[in-house]
Amino acid sequence: MLQSRFLLSGLGLSLMIATLSAQAAGLTSEHKAFGKTNDGTPVEQYILRNSHGVQATVITYGATLQSLQIPDKNGKVADVVLGFDDVQGYQSGTAYFGATIGRFGNRLANGAFELDGKRYQVPQNDKTNSLHGGTQGFDKRVWSAEPTKAKDSVGVTLTYLSADGEMGFPGNLKTEVTYSLNENNELRIEYKASTDKPTVLNLTNHSYFNLAGAGNGDVLKQVATLHASHYTPVDVKLIPTGELPAVAGTPMDFTKPTAIGKNIKADHQQLKYAEEKQGGFDFNWVLDAKGDVSKLAADVSDPQSGRRLQLYTSEPGVQFYTGNFLDGTVKGKGGKVYPHWGAFTLETQHYPDSPNQKNFPSTRLDPGQTYTQTALFKFSAK
Ligand code: GLA
């Protein structure tokens, strides 16, 4: 009796030691070379890991989330974001896989806006619109990076100085983006920016998720909830009309868990504006959380693998885009091709074209102010 009690507590003790050392060894980060741009600029990769098998790789080209390994319900890990194996893929890519987007996420009508009575013209790289900061946006720049460490997370902070007038935007703008990973399987992206002249700013991350694994078919059976009872409908050029109608009764209603494919082929003008041939989602949803980062904004799960992503954000909107412009011609990581509807994005943002829309929350940033944004992507599986 005495002996068996002793044995038991001995077993308990060794289990405890094993758990403690797993926790201590749990969060790690390393950085190493990723490659070089065509002009020879070195690009680094930062790899963040926790003890549950989650691994996030961020590269300094575009401050891009290059890969994200997430275990499924059986512990089997898959890379759930689209991307490339080398810098050249990102340099020639046009889909913004995983990139930090700036200065202005999504579209600006006619590539123009006014500030204090002065008109600014920025590149029209999407028909007559400007898209995602212009031809050489933040996604095409090499950022500086430093590893970071907090009590319960490991991370990397990337910095980019955008000169006054770059891509037509006013003000010297300093931008900082921090990715961090913790033991709760939360990948947090925090943004900070400041300017020396009044300007406009709309930063986001453009990760394309496929919870079944990147290149593993389309996402039509994955189930999405968007905690948003309104959205910003668009015109034929995907510029918001300025209205904020209810989603109720339209294919844009994701207030209850809905398979992404359930209404994607519906006969609805908005879906055709998003992509004229096969349709798709590519709109800004007005989040009910209104920038309260403690409230759930979006929740997507894959019934087959059991993987689930929950999004929290300090932004008022999210662009839910279903990879309507993917056409299976681009070869991604491991030579896999990404089919039409092969991913979804959740781009936390202010509403598209805000500088030209008087009823939308302002995207203006003045000297002396600090722009901040938090996006939290929490993963689980069951
Ligand atoms: C955003 C836009 C889409 C598309 C992608 C990039 O999600 O809303 O229309 O341009 O970026 O391909």
Item to check | Solvent-accessible heavy-atom area per residue, rounded to whole Å², over the chain at 1.4 Å | outcome: 43 Å²
Checklist outcome for this item: Sites removed, the longest contiguous part of the chain containing no DSSP-loop GluC sites (Glu not before Pro) with at most 12 other Cβ within 10 Å is 1-242
Next on the checklist: Restricting to DSSP H runs of at least four residues, report the calculated mean residue ellipticity at 222 nm for the chain, -39500 (n - 2.57) per run over all residues, nearest 500 deg cm²/dmol.
Outcome noted: -3000 deg cm²/dmol
Item to check | Among beta bridges that DSSP assigns inside the stretch 35-381, antiparallel share in %, nearest 5 | outcome: 100 percent
Item to check | Placed amide H near Phe34: partners under 5 Å, 5+ positions off or other chain | outcome: Val43, Glu44, Gln45
Next on the checklist: Considering only protein heavy atoms and a probe of 1.4 Å, how much of the accessible area of the chain is carbon and sulfur, as a whole percent?
Outcome noted: 52 percent
Item to check | Gyration tensor (alpha-carbon) shape descriptor, the stretch 35-381, a/c threshold 1.5 | outcome: rounded
Next on the checklist: Taking the 0 to 90 degree range and rounding to the nearest ten, how far is the long axis of helix 2-26 tilted relative to the main principal axis of the chain, both from C-alpha atoms?
Outcome noted: 30 degrees
Checklist entry - Most fluctuating residue of Gly334, Gly279, Gly62 in a GNM of the chain with Cα springs under 10 Å: which is it? => result Gly334
Checklist entry - Among 372-379, 144-151, what's the highest-first ranking by average C-beta atoms within 10 angstrom per residue? => result 372-379, 144-151
Item to check | Inter-site label distance for Glu276 and Thr94 at 7 Å from Cα along Cβ, in nm | outcome: 1.6 nm
Checklist entry - For the stretch 122-140 and the stretch 57-120, what is the separation of their Cα centres, given in Å? => result 13 Å
Checklist outcome for this item: Once phi for every residue in the stretch 205-213 is put through the Karplus expression 6.51 cos²θ - 1.76 cosθ + 1.60 (θ = phi - 60°), the whole-Hz ³J(HN,Hα) values, with Gly and Pro written as x, are 10, 10, 6, 9, 9, 9, 5, 7, x
Checklist entry - Separation of the stretch 208-256 and the stretch 303-382 by C-alpha centroid, Å? => result 11 Å
Checklist outcome for this item: Checking rank on 131-140, 221-230, with mean other Cβ inside 10 Å and highest first, the result is 131-140, 221-230
Checklist entry - Sorted by packing (mean other beta-carbon atoms within 10 Å per residue), highest first, where do 89-95, 257-263 land? => result 89-95, 257-263
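The values are calculated or read from the model by the stated rules, or taken from the named source; none is laboratory data. Fair warning: this is a prediction, and the values are worked out from it, not measured in the lab. Neighbour counts run over all protein chains shown; Cβ positions are idealised from the backbone, glycine included. Side chains included, ligands, DNA and RNA excluded: accessible areas come from the protein's heavy atoms. Shrake-Rupley method; radii C 1.70, N 1.55, O 1.52, S 1.80 Å.
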